[in-house]
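Engineer: Structure incoming, see below.
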Amino acid sequence: MATIGIRIEDKYAMERRVALTPNLVYDLVHNMQLRVEVEKSSKRIFSDHEYEKAGAELVEKLEDADLIFGVKEMPLDFFKPGKTYLLFSHTTKGQKYNMPMLRKMMEQKINLIEYEKVCDDHHRRLIFFGRYAGIAGAIDSLWTYGQRLLTMGHSNPFDHLQQAKNYVDLQEANGALKVAANRLHEQGITAGFGPLIIGITGYGNVAKGAQEILQSFDPISLSHEDLLNENYINNLDPKQLYIVVFKEENLYQPIVETKKFELQHLYQNPVQYKSIFERFIKPIGILLNCMFWSPEYPRILTKYFLREHFYDTDFNLRVIGDITCDPNGSIESTEYASTIENPVYVFNPIQNKITDGFENEGIATMAIDILPSEIPKEASEGFSEALKPFIKDLAEVDFNTSFENLKLRPELKRALVIHNGQLCPDYKYMEHYL
């Protein structure tokens, strides 16, 4: 049986998540009879003492572990020959900045299992932080909206909210959101800023997490077509919160107008589609971007559109919460990822200029790329619970056999990017990026 290793997270100062919690470690040690090593960490959300109490061995560096669990990318000098690593490697799209890491893993003849690729037979992801990104991202976007209006001289129902990281747990955050909801229903939004409509792109785990937070406000759902009816929008209740969810058919249409929208055709031929999202954007006060995007797809919101319409009297967009955070991606004005320590910047579409903080003219952008780290306890617990069914099987696998004879659960075998230093069949396309 393999020895399990849990490494420290050192890519970001505020990264406090962990793949395996002390509760799961206790189960691994006492019920599954597995040995677990944990690298010491003073910042991890769960203390060294909690792991020691659970039966893990605390170590300065992982020396004996065969199966190593992390969250984010690992430094090049960390990898050791023949080991198996599970992490979010951010390599399968050919991300240029991680190609040196991929090459190093191949040189060391290691096995890489990519969490993002652990899917069921219907290609649904089984191990993810997405829900928690949506939860933290929605909290931070509402906080950003409150602070943005406050800097413009307007007290508002959201001005008491804090960044998600400042709440002890989700229960405390939900209490603050309930206060905001009561204030909204009693006071409404300042004239000229409402009604408050929140647009949500996507309907996966990230979007579901965001909507989970918005339920505190008993939101009323609108259709994307409602946004085109100016008279209808102008008569909405300023004491209500409204949401509208955008699916692919609301975001894209074929460039050839005689063709009908087909979801599978979009997936297979994204270059044959154009974005139609901008026609709906003006009434939206907060945009929560929760959708998958890759460079083959058209952008849904361009700098050109923002520049041309920023001064329109019916343009109401104050905050972009780019939760999926693809810099220079689906939302062009998201020029870079922000950090937990410096979470918000304002994009001025007229000057094409960015300034940190909430002040100055433009659109406030929250684009933190490690949002689940703001709620590390709940995020780690959810992630660890999703991993639990796979660990004993992983510990029993002999990775020295050929890929064809590898007795690995199908969900995990599909996620095996590198096997003994070689790209697996489903990932041979990555040779192009190397």
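Each reported figure results from applying straightforward, stated rules to the coordinates on display, with no laboratory input. As the structure is a computational prediction, the values presented were derived from the model and not from experiment. Glycine also receives a Cβ, built like all others from the backbone with ideal geometry; neighbour counts cover every protein chain displayed.
Engineer: May I ask for the net charge around Thr190, where only other residues with Cβ less than 13 Å from the Cβ of Thr190 are counted and Lys, Arg are +1 while Asp, Glu are -1?
Structural biologist: The answer is +3.
Engineer: What Rg and what Dmax come out for the chain when only alpha-carbon atoms are used, in angstroms?
Structural biologist: 23.1, 68
Engineer: Could you pull out every residue, at least 5 positions away or on a different chain, whose amide H is within less than 5 Å of the one on Ile368? Hs are placed 1.01 Å off N in the peptide plane, and Pro or chain starts have none.
Structural biologist: Counting only residues 5 or more places away or on other chains, the set is Ser338.
Engineer: DSSP beta bridges in the range 130-374, what fraction antiparallel, as a percent rounded to 5?
Structural biologist: So the antiparallel bridges amount to about 35 percent of the total.
Engineer: Relative to the compact globular guide of 2.2 N^0.38 Å, what is the alpha carbon radius of gyration of the range 254-346, as a ratio?
Structural biologist: Normalised Cα radius of gyration, the range 254-346: 1.18.
Engineer: If the viscosity is 1.002 mPa s and the temperature 20 °C, what Stokes-Einstein diffusion coefficient in µm²/s follows for the range 76-118 when Rh is the Kirkwood radius over Cα pairs?
Structural biologist: This corresponds to a translational diffusion coefficient of 203 µm²/s.
Engineer: Same structure again: Against the longest alpha carbon principal axis of the chain, how many degrees, from 0 to 90 and to the nearest 10, is the axis of helix 130-151 turned?
Structural biologist: That works out to roughly 40 degrees.
Engineer: If one takes the longest principal axis of the Cα atoms in the chain, at what angle in degrees, from 0 to 90 and to the nearest 10, does the Cα axis of helix 376-396 lie?
Structural biologist: 30
Engineer: Pairs of lysines 8 or more apart, or on different chains, with alpha carbons under 26 Å: count those in the range 205-277, would you?
Structural biologist: 8
Engineer: Please rank Thr151, Thr334, fewest neighbouring Cβ atoms within 10 Å first, as an exposure proxy.
Structural biologist: Ascending number of Cβ neighbours within 10 Å: Thr151, Thr334.
Engineer: Next up: By how many degrees, between 0 and 90 and to the nearest 10, does the Cα long axis of helix 170-187 differ from the longest principal axis of the chain?
Structural biologist: Approximately 10 degrees, to the nearest ten.
Engineer: Taking the DSSP beta bridges in the chain as the whole, what percent of them are antiparallel, to the nearest 5?
Structural biologist: Just about 30 percent of them are antiparallel.
Engineer: Next up: Tell me, how many Å apart are the Cα centres for the range 67-139 and for the range 387-434?
Structural biologist: So the separation of the two Cα centres works out to 12 Å.
Engineer: Moving on to the next point. Hey, which aspartates and glutamates would be in cross-link range of Lys104, C-alpha to C-alpha under 12 Å, not counting anything within fewer than 8 residues on its own chain?
Structural biologist: Those aspartates and glutamates meeting the cut-off are Asp77.
Engineer: What area, in nm² and to one decimal, does the C-alpha convex hull of the range 130-374 cast on average over all directions?
Structural biologist: Reported value for the Cα convex hull: 12.3 nm².
Engineer: Something else now. Based only on Cα atoms, what Rg/Rh ratio does the range 82-179 have, Rh being taken as Kirkwood's radius?
Structural biologist: A ratio of 1.19.
Engineer: Determine the alpha carbon to alpha carbon distance for each of Lys117/Lys165; Lys61/Lys117; Lys11/Lys83; Lys53/Lys388 and list only those over 26 Å.
Structural biologist: From the list (Lys117/Lys165; Lys61/Lys117; Lys11/Lys83; Lys53/Lys388), the Cα-Cα distance tops 26 Å for Lys117/Lys165; Lys61/Lys117.
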